[in-house]
Each structure stands twice: as structure tokens, then as C-alpha cells.
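Take a look at the structure below.
Each value in this text was obtained by applying a stated rule to the coordinates, not by laboratory testing. Model, not experiment: these values are computed from the prediction. With ideal geometry, Cβ positions are generated from the backbone for all residues, glycine too; neighbour counts draw on all protein chains shown.
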Amino acid sequence: MSRDELVGTATSGTMLRRITFHDVVADRQFEFLTSLLESSVPPGVLAHLYRMRWNIEKSFDEVKNKLGEKKAWATSATAKSMQAQFICLSVNLLQLLEHELETQGIRNTPEVKRRAKRLEQATAVATKAGAVLPKPLRVVQQITQHCVKLIRWVAAQLWLNVPWQQACAVLTTLYAKL
């Protein structure tokens with residue numbers, strides 16, 4: 001059951017929009033509070049925006065846990081800014097590298113298959129519940145995090161002095177393993 005209502009407190013007088021959204025795929029109720037009071041934005045759109053926000057949180061998790069950036073390099077604002085720029089540069093370079101690898105036919109096929117299977121299962125659950133999987137979930141199948149295999153491979157290649165084709169062969173072997 002989905003609901004869309006304005007709620008507030010008696011003491012502060014602040015009004016918020018509370019959206020109760022039923023995710024048919026997960027068969028769970030989610031409750032969101034937002035300061036976006038316009039009811040012209042449908043509850044499903046707001047739920048999707050929160051889902052996208054979660055993907056951003058997963059990106060931060062990648063930086064912290066997979067790239068090992070758990071604390072600031074220094075305390076000055078300049079150093080923190082430089083660190084943030086280097087992290088963004090690193091993530092973007094990983095994205096470009098992954099795209100280049102795909103143009104050469106090297107991709108993490110097991111992960112692509114897992115993602116396709118999850119989408120297929122979600123579509124089946126939604127259909128069984130008499131609902132349609134929202135188009136953004138069907139169309140936008142983005143990878144929020146890079147796989148650990150790719151990150152470790154890149155780190156190893158930075159230390160090794162091997163030709164590109166040989167390095168790619170190693171990654172292809174890694175991707176073939178579960």
C-alpha cells in the first residue's frame with residue numbers, strides 16, 4: 001500500500017512529506033521523508049531518487065573499502081580538496097579503463113549475467129504481483145561499484161612491467177573465475 005501525506009510536528013511547525021512506498025520486487029514497505037512538498041512529483045519517482053542516492057552511498061563505500069581511502073591525507077582544506085580530486089580522477093580512470101577493456105571484448109561476463117538474472121527475477125516478481133517494473137530499473141543497469149578483481153588487477157599492473165596484451169590476458173582469466 002502506497003501513501004503520500006504531509007506530516008509535521010506540533011512544536012516546530014515544520015512540514016514534511018511522508019511517502020510510504022511498496023516495492024513489489026522486494027515485497028517491502030519503505031517510508032521516506034522529504035522536504036519536497038509538491039505533490040506533482042509522484043511517490044514512485046521519489047522512491048527511485050532515494051534508490052539512486054543509495055547507489056551514491058555504495059560509491060563512497062567503494063572508495064573507502066576497495067580503494068583503501070579511509071582517512072584524510074592531511075588536515076588542511078587544500079589537501080582534502082586535492083585528495084577528493086585524486087579520488088574522483090581514480091574512479092573516472094577506472095571507468096574509462098573498463099570501457100576500453102569492453103571495446104577489446106574483455107568484460108566481467110559472470111557479473112553481467114548475475115545482473116541480468118537479478119533483473120529477470122525482479123521482472124518476474126513484479127509481473128506476478130500484477131505490477132510493472134519501473135522503466136528506470138529496466139533500462140538503467142549501471143554498475144555502481146567496480147569489482148574487486150578489476151581494482152586488484154589495476155593495482156598489480158601498476159607495479160608490474162608487462163605488455164598490455166599480457167596484462168589483459170590475466171584479467172580475462174580472472175573474470176572467467178567466479
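For the chain, adding -39500 (n - 2.57) for each run of n ≥ 4 DSSP H residues and dividing by the number of residues yields -18000 deg cm²/dmol at 222 nm.
DSSP H helices in the chain with Cα extent of 15 Å or more along the helix axis and mean Kyte-Doolittle hydropathy at least 0.5? The partial results should precede the final answer.
Numbers: long enough: 43-61 (27 Å, -0.46); 77-103 (39 Å, 0.35); 109-128 (28 Å, -1.00); 148-159 (17 Å, 0.87); 164-176 (18 Å, 0.70).
For the chain, where a helix must reach 15 Å along its axis and average at least 0.5, the hits are 148-159, 164-176.
Between the residues LEU160, GLN145, THR75, the greatest Cα displacement towards the positive end of the dipole of the range 75-178, with unit charges on the Cβ of Lys, Arg, Asp and Glu, is found for GLN145.
Net charge in the neighbourhood of GLN83 (other residues with Cβ under 10 Å of its Cβ; Lys, Arg +1, Asp, Glu -1) is +1. Peptides 86-97, 18-29, ordered by how many other C-beta atoms sit within 10 Å of their residues on average, highest first, read 18-29, 86-97.
Given contacts defined as C-alpha pairs under 8 Å and at least six residues apart, what's the relative contact order of the chain, whole-number percent?
Relative contact order for the chain comes out at 18 percent.
Which of the pairs LYS58/LYS177; LYS64/LYS113; LYS70/LYS117; LYS58/LYS113; LYS71/LYS113 have their Cα atoms more than 29 Å apart in this structure? Exceeds cut-off: LYS70/LYS117; LYS71/LYS113. Just so you know, the averaged projected area of the alpha carbon convex hull for the range 1-137 sits at 12.9 nm².
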